[in-house]
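**Student:** Have a look at this one before I ask anything.
What follows is calculated from the coordinates using simple rules that are stated; it is not laboratory data. Being a predicted model, the structure only gives us computed values, none of them experimental.
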Amino acid sequence: MNPFVFQSATMTVFYQASVDELGEPAVKGTTYRNLINTVTGEQIQTVAQTLIGLTDFPYIESVKTQKDVIGA
């Protein structure tokens, strides 16, 4: 069986950008590419909250998406 090999990873930070005409939150996200394969969830959380802390937007969540390939 061939092992999975890390190819790439991204982090998307979701935040409330505004409120729509019905009073519902308008959620937006910003994606950051080229994460290293050893990044931990705690590190992602710290960076995401720091980035949102530079804005006036409320932080919602962050998501790490990782792409692995099956080695030949």
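**Student:** Which length gain, in nm to one decimal place, applies between GLN43 and THR10 when the Cα-Cα distance is subtracted from 0.36 nm times their residue separation?
**Tutor:** Length gained between GLN43 and THR10: 10.6 nm.
**Student:** Would you work out the Kirkwood radius for the chain? I mean one over the mean of 1/r across all pairs of different Cα atoms, in Å.
**Tutor:** Result for the chain, one decimal place: 13.8 Å.
**Student:** Roughly speaking, what is the stretch gain from ASN2 to THR65, that is 0.36 nm per residue apart minus the C-alpha to C-alpha distance, in nm to one decimal?
**Tutor:** 20.5 nm
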